[in-house]
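Data first, discussion second: the structure below is written as structure tokens.
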Amino acid sequence: MTRIGLISDTHGFLDEVVFKHFENCDEIWHAGDFGTLELAERLSSFKPLKGVYGNIDGNDIQSIYRENLFFQCEGVKVFMTHIGGYPPKYNSRVKPLLQEHKPQLFISGHSHILKIMYDDKLQCLHMNPGAAGNQGWHKVRTIITFIIDGKNMKDCKVIELSKR
């Protein structure tokens, strides 16, 4: 069983309460737009960190994190990228990657819109944790926690941090 803390679009701002919400997590996954390398380092010094770079991230972050990340967590194939769209309106760059790699979990950020939805056609769960930072048009900052247990994804919790 792996407990995941999912965050995105911090844009250089990391609320200290995130550490409280992620304290029981085994890993943190960041879906891009870290904003600063220092923010990524704070997260990675707290828990093991997987992440992708976003469209605002500079060369320092891009030299460490990839645009696309494909990995296995327990029995679940995961694909994470920053700009990806959502079912069935996937980004034209991402759609062929989803069809080729056939993940069970697709994670993206960028839109600042929290979204958790299942794509019946691809048999894939899509998660976008919304935005945890202070920049953007979103009104409430959000993160997600969930558990992967073998091939099962469960106990998903949406956490509202506060108003922006």
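Look through Leu105, Leu97 and report the one residue that is on the phi < 0 side of the Ramachandran plot, without any contact (Cβ under 8 Å) to a residue 60 or more places away in the chain and touching a Cys at 6+ places or on another chain (Cβ under 9 Å).
Just a single option satisfies the conditions, and that option is Leu105.
Of all residues in segment 26-48, count the ones that are closer than 14 Å to Thr145 by Cα, within 14 Å of the chain's Cα centre (by Cα) and not small (Gly, Ala, Ser). Residues flagged as closer than 14 Å to Thr145 by Cα, within 14 Å of the chain's Cα centre (by Cα) and not small (Gly, Ala, Ser) within segment 26-48 amount to 4. Checking each residue in segment 39-67 for being open to solvent by 40 Å² or more (accessible area, probe 1.4 Å) and part of a strand (DSSP E or B) picks out Lys50, Arg66. When the residues of segment 94-130 are filtered to those that are part of a strand (DSSP E or B) and among the charged types (D, E, K, R), which remaining residue is least open to solvent (accessible area, probe 1.4 Å)? Looking at the filtered set, the residue picked out is Asp119. Looking across segment 131-164, the residues that are of a type in the set (Lys, Arg) and either open to solvent by less than 50 Å² (accessible area, probe 1.4 Å) or not in a loop (DSSP other than H, G, I, E, B) (or both) come down to Arg141, Lys154, Lys157, Lys163. Once segment 72-84 is narrowed to residues that are open to solvent by less than 30 Å² (accessible area, probe 1.4 Å) and without any contact (Cβ under 8 Å) to a residue 60 or more places away in the chain, the residue that is farthest from Gly150 (Cα to Cα) is Gly84. Asn91 fulfils the conditions (1) at pLDDT 95 or above; (2) open to solvent by less than 60 Å² (accessible area, probe 1.4 Å) except for a single criterion, (1). Residues that are in contact with a strand residue (DSSP E or B) (Cβ under 8 Å, 6 or more places away or on another chain), surrounded by fewer than 17 Cβ atoms within 10 Å (Cβ to Cβ) and under 20 Å from Gln135 (Cβ atoms) within segment 16-38 comprise just one, Val17.
Applying the selection to segment 1-37, what residues are assigned to a helix (DSSP H, G or I), under 20 Å from Lys163 (Cα atoms) and not charged (D, E, K, R)? Correct list: Val17, Val18, Phe19, His21.
The values are calculated or read from the model by the stated rules, or taken from the named source; none is laboratory data. Every value quoted in this text rests on a predicted model; they were computed, and no experiment measured them. Here Cβ is always computed from backbone atoms with ideal geometry, including for glycine, and neighbour counts include all displayed protein chains. Note: accessible area is taken over every heavy atom of the protein model, side chains too, but ligands, DNA and RNA are not part of it. Shrake-Rupley method; radii C 1.70, N 1.55, O 1.52, S 1.80 Å.
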